[in-house]
Amino acid sequence: MRAVFAYAKTKGWYSEFNPAEWEHNLDTDLSRKRFIGHHESLPYNRLPWFYSSLQQFDTISAYALQFTILTAARTSEVRLAKPEEIDFTRAIWNVPAERMKARASHRVPLSKPVLALVESVMLKHNQPFIFPSTKPEIGLSNGAMHQLIRKRYPNEKFTVHGFRTTFRMWAAEVGDYDQNLAEIALAHSQDKKVEGAYMRSKLIDKLRAMMENYSQFASQLVI
């Protein structure tokens, strides 16, 4: 590549830096994209321990992380959640399209522990966001839950996003749920037939049962 570029310079075709040089050029761009790994996750068999210990912290970030775990949602979906998105009658969290990765609205069936958590948090304040930051008009910061894990569990390597993998592995290995059902719960893109089925109440009921079972698994007492 360097020989070809040198030849081009002698012909007057191009006299600037070589865009194909690896060092100090492509290495700072392509290498990062080529070697991106998965977010480290907590093994699901350790989840009851972690969730129990997390409940000992009386902070908004701890409540938000509990909510994130039990809904298998993304940080961006949780930290800006508003009270009006929660349908307490139907036990549904209606996440607007603008906060979803796929830019499509998403309905999340809420388990009984999640509903109880939201009700408890909302009794503590009267702010625009369910999980507010120290500034009332702003939702929880993007790194608040991450900072909680690093501070309270310094020897652990898992990430907030990794709890989605924890859920996915539990659904496959413990709950033995249909792959499409777990993917829908994670708001991963599906084919049109599956997405259409998601709108039917029967599938919502199946999702609700799965999330209820997951909540019970996560919040079980650790002896």
**OP:** Show the residue pairs that are 6+ apart or on different chains and have beta-carbon atoms under 7 Å apart, the first residue being within segment 101-116 and part of a helix (DSSP H, G or I), the second being among the polar types (S, T, N, Q) and at pLDDT 95 or above.
**Re:** Pro113/Ser215; Val114/Thr71; Val114/Ser215
**OP:** Scan segment 137-173 residue by residue and report those that are loosely packed, with under 14 Cβ neighbours inside 10 Å, touching a helix residue (DSSP H, G or I) at 6+ places or on another chain (Cβ under 8 Å) and not in a helix (DSSP H, G or I).
**Re:** Asn142, Glu156
Original post:
Considering segment 77-91 alone, what residues qualify as being buried (at least 16 other Cβ atoms within 10 Å of the Cβ) and either outside the structural domain of Ser61 (by TED's automatic domain parsing) or not in a loop (DSSP other than H, G, I, E, B) (or both)?
Top reply: Glu77, Val78, Glu85, Ile86
Subject >> Neighbours by Cβ (under 6 Å, 6+ apart or cross-chain): first from segment 168-180, of a type in the set (A, V, I, L, M); second at pLDDT 95 or above >> reply: Met169/Tyr44
**OP:** Kindly check whether there is at least one residue in segment 105-126 that is farther than 28 Å from Phe217 by Cβ, in contact with a strand residue (DSSP E or B) (Cβ under 9 Å, 6 or more places away or on another chain), exposed (fewer than 14 other Cβ atoms within 10 Å of the Cβ) and of a type outside the set (S, T, N, Q).
**Re:** yes
Original post:
Pairs, please: C-beta under 8 Å, at least 6 apart or cross-chain, first residue in the same structural domain as Thr59 (by TED's automatic domain parsing) and more than 24 Å from Met211 (Cα to Cα) and in segment 139-163, second of a type in the set (Lys, Arg) and modelled with pLDDT under 95?
Top reply: none
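The values are calculated or read from the model by the stated rules, or taken from the named source; none is laboratory data. As the structure is a computational prediction, the values presented were derived from the model and not from experiment. Quick reminder, even Gly has a Cβ in these numbers, built from the backbone with ideal geometry, and neighbours come from all protein chains shown.
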